[in-house]
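K.L.:
Just passing along the structure, written as structure tokens.
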Amino acid sequence: MKRYKSTGVVLGNLWGGGIGAYPSEELEAKTKKGLISKAKRMLETGGLDGGMGFDGLNSAILMIEEIETTTKNGKKYQRSEYEEGFIGKSSDLDKTFLKECAIRYNL
């Protein structure tokens, strides 16, 4: 059985001007496509930020974890693989900034 989780950092417009970054909401889904679709919808509606309350969201870096669970001899085993992805509109400079923020937030 596989499932997907993500953490990340959003890039958004600050109310007083300028842009800033903040950790995103943690998401879960049964498929990677479903997880990314959910994240994109939340980016558009402004719900992906973890409570910062931006004037609007521009983009995000997602650290996606694919978790595969198997059972053998009555014991459960899990294996994880990780990848990063970007959603929204972001320049190369924005992507670099988001990667640095993800490192600072230990994602």
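Any read-out appearing in this document is the output of simple, stated calculations on the displayed coordinates, not a laboratory observation. Computed from a predicted model, the values in this text were never measured in an experiment. Positions of Cβ are generated from backbone atoms using ideal geometry, with glycine treated the same way; all protein chains shown enter the neighbour counts.
K.L.:
Apply the Karplus curve 6.51 cos²θ - 1.76 cosθ + 1.60, θ = phi - 60°, to the phi angles in segment 55-69 and return the couplings in whole Hz, x for Gly and Pro.
P.N.:
Once θ is set to phi - 60°, the couplings for segment 55-69 become 6, x, 9, 9, 7, 7, 9, 10, 9, 9, 10, 9, 10, 10, 10 Hz.
K.L.:
Still on this structure: Quick check on my link table: of Lys38/Lys95; Lys2/Lys99; Lys32/Lys89; Lys30/Lys99; Lys40/Lys95, which ones sit more than 22 Å apart, alpha carbon to alpha carbon? Before the final figure, lay out each step's value.
P.N.:
Details: Lys38/Lys95 20 Å; Lys2/Lys99 26 Å; Lys32/Lys89 20 Å; Lys30/Lys99 25 Å; Lys40/Lys95 16 Å.
Those over the limit are Lys2/Lys99; Lys30/Lys99.
K.L.:
In addition: Can you tell me how much longer the chain between Glu28 and Glu66 gets when fully stretched, taken as 0.36 nm per residue apart minus their C-alpha distance, in nm with one decimal? Intermediate results must be reported in sequence, preceding the final value.
P.N.:
Working: separation 38, 0.36 × 38 = 13.68 nm, distance 1.01 nm.
Extending this stretch completely gives an extra 12.7 nm.
K.L.:
Okay, next question. With unit charges on the beta carbons (Lys and Arg positive, Asp and Glu negative) and the dipole taken about the Cα centre of segment 2-104, which residue among Ser6, Gly47, Ala102 sits farthest to the positive side?
P.N.:
Positive-end residue among those listed: Ser6.
K.L.:
Working from Cα positions, state the angle (0 to 90°, nearest 10) between the long axis of helix 32-45 and the longest principal axis of the chain.
P.N.:
20
K.L.:
Here's something else I'd like to know. Pop the C-beta distance of Met52 and Asn106 into the FRET formula with R0 = 22 Å and round what comes out to the nearest 0.05. Each step should come with its number before you reach the end.
P.N.:
On the way: r = 18 Å, r/R0 = 0.81.
After rounding to 0.05, the efficiency reads 0.80.
K.L.:
At 7 Å along Cα-to-Cβ for each site, give me the label-to-label distance between Tyr77 and Asn13 in nm.
P.N.:
For the pair Tyr77/Asn13, the computed spacing is 5.1 nm.
K.L.:
Which of Thr96, Thr7 has the fewest other C-beta atoms within 10 Å, and how do the rest follow up to the most? Spell out each step's value before the answer.
P.N.:
Working: Thr96 11, Thr7 19.
The most exposed by this proxy come first: Thr96, Thr7.
K.L.:
Shifting gears a bit: Cut-off is 10 Å between beta-carbons; in what order do Asp94, Asp49 appear when sorted fewest neighbours first?
P.N.:
Values: Asp94 18, Asp49 22.
Listing Asp94, Asp49 from fewest to most nearby Cβ atoms yields Asp94, Asp49.
K.L.:
Please give the contour-minus-distance gain from Ser37 to Lys99: 0.36 nm per residue of separation, less the Cα-Cα distance, rounded to one decimal in nm.
P.N.:
20.2 nm
K.L.:
Give me the angle, in degrees from 0 to 90, between the Cα long axis of helix 92-104 and the longest principal axis of the Cα atoms of the chain, rounded to the nearest 10.
P.N.:
60
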